[in-house]
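K.L.:
Got a structure for you, questions after.
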Amino acid sequence: MASPRLLLPRFYVLSTSSSLPLLHLIPPCYTAPMNSSSSSLKKLPSGKLPVKIMAIDLDDTLLREDLTISPYTIQTLQRAAAAGIYVTLCSGRTDNAILPFVRQLEVAGLEQGRFIIAQNGAVIYDLHLRREILYRTVEPEVLLVANEIAAECGLFPEVYNPTTIFTAQDNKWTQVDVGLTGLHMEVVQDFPRLLRQGHPKMVIPGEPEVLLKLQDELRKKIGSRCVIFISKPYFLEIMPYNCGKGEALQWLCQRMAIPNDHAMSFGDSMNDESMIRLAGLSVAMVNGLESIKNMARFVTEYSNNEDGLARFIEDYVL
């Protein structure tokens, strides 16, 4: 077995800069809906928005159903970067699994395209420095408990390094993950030993109805020590405590002195919840979960298959 990458301490930040906490402000261009509990009402800006950074989810947001990006969306994001707006892809994938989409956008050579947020906010990678500038891991004890409970349900958790999915046994659900991410898969005989190193996240794949019950049990046992959510119906994820895409976006904004009311996020699902909740200019995809659309300040008029993200940027940012 190839040795997994050496992992860093649970909270590892390569930065000496400091700044005041970010304020969660309502942007001046926000038009409040008459009834914010109903996502059937349009939630659109009344004018152009003052955006300095965009955190963009991949699946069901930037990507179409076939996992491609349309030429129109690529051109729109290139225009945004050329206008001085940071275009930051933000995904549950590892940094290596995000890079193919970064290359399609062709913005990585610009200052505005240098950052990616990986593993649902546990990692921020600087493409110019070619290293992580933020790296957080789940406590090993939490991973071990989750692994034991999952095993009792006949499930096989996964952890990652940038190129590989590690699991105790090959199974159809891990193959789904391999297909989505393009990463290699490696079976580890002594999986608990690997877990003791700590990892940015654990994914437990399985049947949706089984994962819903498992989520409840895990939250009772270890919910005070980590973040637990279902990102896709067949993926349950465990993240470091107080960690998510939104927290990573706020950390990056603080590092670059970007006010939160100039930070835009695009997402559709529960792994996007924290950046929809925390970003000053949060945008939910119209094809997203109702809870995410209700939480967001804005909702796109078109789905991910209809260039919804690019159309929103064209109409309300550029």
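Just so you know, all these numbers are worked out from the coordinates, no wet-lab data involved. The model shown is predicted, which means the values in this text are computed figures rather than measured ones. Glycine also receives a Cβ, built like all others from the backbone with ideal geometry; neighbour counts cover every protein chain displayed.
K.L.:
Skipping prolines and chain starts, which residues have an amide H placed within reach, meaning under 5 Å, of the one on N287, given they are 5 or more residues away or on another chain?
P.N.:
Amide H to amide H, under 5 Å and 5 or more residues apart or across chains, N287 pairs with N304.
K.L.:
What aspartates and glutamates sit close enough to K220 to cross-link, taking a C-alpha to C-alpha distance under 18 Å and skipping anything fewer than 8 places away on the same chain?
P.N.:
Qualifying aspartates and glutamates at Cα under 18 Å: E139, E141, E148, E152, E209, E237.
K.L.:
For the stretch 244-318, what is the charge dipole size about the Cα centre, in debye to the nearest 20, if Lys and Arg each add +1 at the Cβ and Asp and Glu each add -1 at the Cβ? List each step's numbers first, then the result.
P.N.:
On the way: 6 positive and 11 negative charges, 63 e Å.
That gives a dipole near 300 debye.
K.L.:
Continuing with the same structure: Under 5 Å between amide hydrogens, which residues at least 5 positions from L183 or on another chain qualify, with H placed 1.01 Å from N in the peptide plane?
P.N.:
Counting only residues 5 or more places away or on other chains, the set is empty.
K.L.:
Compute the length gained on full extension between E306 and M185: take 0.36 nm times their separation in residues and subtract their Cα-Cα distance, giving the result in nm to one decimal.
P.N.:
The span from E306 to M185 would gain 40.3 nm if fully extended.
K.L.:
With unit charges on the beta carbons (Lys and Arg positive, Asp and Glu negative) and the dipole taken about the Cα centre of the stretch 179-318, which residue among I276, V203, N242 sits farthest to the positive side?
P.N.:
N242
K.L.:
For D170 and K48, FRET efficiency with R0 = 35 Å and r from the beta-carbon atoms, rounded to 0.05?
P.N.:
0.10
K.L.:
Calculate the dipole size of the stretch 265-306 relative to its Cα centre from +1 charges on Lys and Arg beta carbons and -1 charges on Asp and Glu beta carbons; express the result in debye to the nearest 20.
P.N.:
Taking the Cα centre of the stretch 265-306 as origin, the dipole is about 180 debye.
K.L.:
Looking at the chain only, what percent of DSSP beta bridges run antiparallel? Nearest 5 please. Intermediate results must be reported in sequence, preceding the final value.
P.N.:
Working: 26 of 46 bridges.
Taking every DSSP beta bridge within the chain, about 55 percent pair in antiparallel fashion.
K.L.:
Counting only helical runs of four or more DSSP H residues, what would the 222 nm mean residue ellipticity of the chain come to if each run contributes -39,500 (n - 2.57) and the total is spread over all its residues? Walk me through the intermediate numbers first.
P.N.:
Numbers: 10 runs with 99 residues, N = 318.
It comes out at -9000 deg cm²/dmol, rounded to the nearest 500.
K.L.:
Further question: Within straight cross-link reach of K293, meaning Cα distance under 15 Å, which aspartates and glutamates are found once same-chain residues fewer than 8 apart are removed?
P.N.:
Leaving aside aspartates and glutamates fewer than 8 places away in the same chain, those within reach of K293 are D57, D60, D268, D272, E273, E301.
K.L.:
Answer with one residue from Q75, A168, L49: the one whose Cα lies farthest towards the positive end of the charge dipole of the chain, charges on Cβ with Lys, Arg +1 and Asp, Glu -1.
P.N.:
L49
K.L.:
Follow-up. Over the stretch 201-318, what is the percentage of antiparallel beta bridges among all DSSP beta bridges, to the nearest 5?
P.N.:
Beta bridges within the stretch 201-318, antiparallel portion: roughly 60 percent.
K.L.:
Measure of size requested: the Rg and Dmax of the chain, with Cα atoms as the atom set and Å as the unit; please supply both.
P.N.:
In Å, with Rg to one decimal and Dmax whole: 18.9, 58.
K.L.:
Let me have the relative contact order for the stretch 232-318, percent, based on Cα pairs under 8 Å that are six or more residues apart.
P.N.:
On the way: 133 pairs, mean separation 17.9, N = 87.
21 percent.
K.L.:
Which residues among the stretch 167-207 fall inside the zone where the amide N is under 12 Å from a point 7 Å beyond the Cα of K213, along Cα→Cβ?
P.N.:
The answer is 207.
K.L.:
Past 31 Å, Cα to Cα, is the threshold; run K43/K172; K52/K172; K42/K245; K43/K245 against it and keep the listed order.
P.N.:
From the list (K43/K172; K52/K172; K42/K245; K43/K245), the Cα-Cα distance tops 31 Å for K43/K172; K52/K172.
K.L.:
Would you kindly state how much longer the chain becomes between Q104 and N242 on full extension, computed as 0.36 nm times their sequence separation minus their alpha carbon distance, in nm to one decimal?
P.N.:
Full-extension gain reported as 46.5 nm.
K.L.:
Could you tell me the calculated FRET efficiency between L67 and E141, based on Cβ-Cβ distance and R0 = 25 angstrom, to the nearest 0.05?
P.N.:
Values: r = 36 Å, r/R0 = 1.42.
Plugging the Cβ-Cβ distance into 1/(1 + (r/R0)^6) gives 0.10.
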